[in-house]
Structures are given as structure tokens and as C-alpha cells.
């Protein structure tokens, strides 16, 4: 693997702790969780006790105040182990950052310590049946009624939907306003009128619960508003870069891991009086994939550095997400081919990786949307004469 310089000894000690946690608390049970379509709530409490949740949350809100690299270590090690069950990334990289960045002091004091401890599980309610990548098109409504909002609508494809205790929900508060009049509202799952729909059956990511959510005259205090009223679209655009970077980080590790265990298989697999690795086709294929993975790794680590410096642009995040998700799907497909029939067996990690891979070109904004973002920026720069 390409030599990396991002992480110091503290990060590597944390990595060792994460690996031990995965080996003892996740891997032995993951197959059963895939069958169940959900992980037990107790796993979240154990993760909180171990210090895996909210690493970058400041100490006054229950976290350790560590840098964002600790969260990326967790993402990497879950991906390296082929673990797709616990939706820690949604909780750590999406929900808590919204509350930390845009919440009131009261909201942060109330929610973040519980989320760091794993006592409260967070979910992000953006996607709807008629609004995926086009978030301006959402139909869920929140109507102000005195000191409350009354919420009606539906969400779908929501990770942690069956387990969540709190949802950062995107709603329309003024359909005529610029940007779709979207607001973000914190909704407790205990509110009357909140209904969890069916646990959706997916091609992959089988151990991660994904659900429909329904809101039927759900009343929440106006103080649950997150950030400015009607300003939710801008807030979502700010945080989407982090979400897309997280996906790229995960894809980079899956790519490297798939190549590694395909190489191990090829060296051991005997056929026609030699090993699979002895065939020139195998060598050339693995060499090509290794080269692409090495180049992708350098760019992803560059984006991590840009993110830490507060300089990661939406365009760079889109490039990382699009490029790595395409490579992710390509690598697991071509590696599975080298496994032959065994690659189609669910007991082999490459089969699981293949099933889990397809979502990465859709989630966090489809790759077609990433192309639009990149092309729009190119045209803006050409018009302004900066390129």
C-alpha cells in the first residue's frame, strides 16, 4: 500500500483499539446481523463506552475533542473488516456534525453527550420517494403553529431508521422561498405521530437497518429548529462535502482490501498445473488495479488534508466521491471474476463486497449529480477566465 503520512502514533493506537473492538464485538456476530437486517442497540452502547463515537466532539459536549482523523480511522477499519452493519458513520459524520455546527448551546448540551455515549442513536432524514439527489424537491412540510411545528410527510432509504432516537429532518417551511424554503428540525422518535415504516430489504449492506419513516401531525417545539428557518438547504450543502469525503475514504479502503485478498487467493489457487497468480492475465489485471488504487489513495488523502484545513471544496469532494465510487465498483467486479464461481458464494468476502458496492455510486448524491457539480465549476472558471 502507498505510504501514508496522515496519521501519527496516537491515531495508530486508536486504530489498534478499533480493530480489537471489531474482532470481538462485531465480526463474530455480523453474519447473524445480516440475516436480521439490523444490529443490536447494545453494540452502540459498547461503542460509546470504548470511545468510538463522537471522537471529534469537544470535551464540553462529552467527546474527547480529538481531530477528525480519528473518525476516519473508524471508517477505514470498519471497511477493511467488511463490516457494514452499524451505521456509525451516519451518526458520527453526518448527524452530530449538524448539531455541533448549527445547533444552539442548549441543543448541543442535550443531545451530543448522549450520542457520544451511544445512548441516543442519530439518523438523517433527507431522502424522500420523490426527492433523492434533488433535495429542493422534498415534500415533507413543517407548519408553524404558535410555539410548535406540525410536521407531515415521509422519508425513505433512511439509515439507522429502525434504531434512531433522534432525526435531523429536512422539511419545507416555506415552499415559495429561495432554495425551496427548507428547514432542518430535530425530531425525537418518541413524538406522537412518528411512525417507523418497514425495514427495507436491500441488495447489500444487509446488516445496516434502512427504513421508511412517516410523520403524521408530529408536533415539536419551535426550539427544535436547527439553524435558521428556511436556511436548511445551505446547511445541507455545507455538510454534504464531508459526507462525500467519508464515502471516498471508505471506498479507498475497500479497493485496497479487495485487491489484497484477491492476490492471496490467486497465489493459493491451483489450476492447469500452476497457480492463478502465474497467469499473465491475472498479473496484468492486478497490476492495473493496484496502480489505480495507489493514485486514488493519494487524492483521497489530499482531500482529507484539505478537509482538516477547512479548505475542501464541494467540487473536490464530488471528484473524490465520483472517482472512488466508480473505482470501488470496478475493482470488486474484476476481483470477483478472478475468484470464478467461488466469488459468487456469499461466504466469500468478495461476494459481500460486490453486493455492498453498488450503492456507493448512488448514495450521497448520484455520480451523475457529481458530474454536474464538477462541470458547473469548470464552466464557471472558464467564464471567469480563471482557467
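The values are calculated or read from the model by the stated rules, or taken from the named source; none is laboratory data. These numbers come from a predicted model, not from an experiment. Positions of Cβ are generated from backbone atoms using ideal geometry, with glycine treated the same way; all protein chains shown enter the neighbour counts.
Entry remark, the range 147-171: residues being on the phi < 0 side of the Ramachandran plot and touching a helix residue (DSSP H, G or I) at 6+ places or on another chain (Cβ under 7 Å) number 8 in total.
Exactly one residue out of 233, 284, 279 is in contact with a strand residue (DSSP E or B) (Cβ under 9 Å, 6 or more places away or on another chain) and at pLDDT 95 or above, and it is 279.
Could you check, for the range 224-240, whether at least one of its residues is in contact (Cβ under 8 Å) with a residue 60 or more places away in the chain and over 27 Å from residue 129 (Cα atoms)? Scanning the range 224-240 turns up no residue that is in contact (Cβ under 8 Å) with a residue 60 or more places away in the chain and over 27 Å from residue 129 (Cα atoms). Per the listing 196, 191, 144, the residue uniquely modelled with pLDDT of 95 or more, in a loop (DSSP other than H, G, I, E, B) and on the phi < 0 side of the Ramachandran plot is 191. Report yes if some residue within the range 284-296 is within 23 Å of the chain's Cα centre (by Cα), in the same structural domain as residue 146 (by TED's automatic domain parsing), touching a residue at least 24 places away in the same chain (Cβ under 8 Å) and surrounded by 14 or more Cβ atoms within 10 Å (Cβ to Cβ); otherwise report no. No: zero hits.
Looking at the structure I just gave you, is residue 4 over 21 Å from the mean Cα position of the chain (by Cα), surrounded by fewer than 14 Cβ atoms within 10 Å (Cβ to Cβ) and part of a loop (DSSP other than H, G, I, E, B)? Criteria met by residue 4. Quick check on the range 353-368: of everything there that is outside any loop (DSSP other than H, G, I, E, B) and out of contact with any helix residue (DSSP H, G or I) (no Cβ under 7 Å at 6 or more places or on another chain), which residue is nearest to residue 128 (Cα to Cα)? Going through the qualifying residues, I end up with 359.
Here residue 151 meets the list (1) in a helix (DSSP H, G or I); (2) under 24 Å from residue 197 (Cβ atoms) almost entirely, failing just condition (1).
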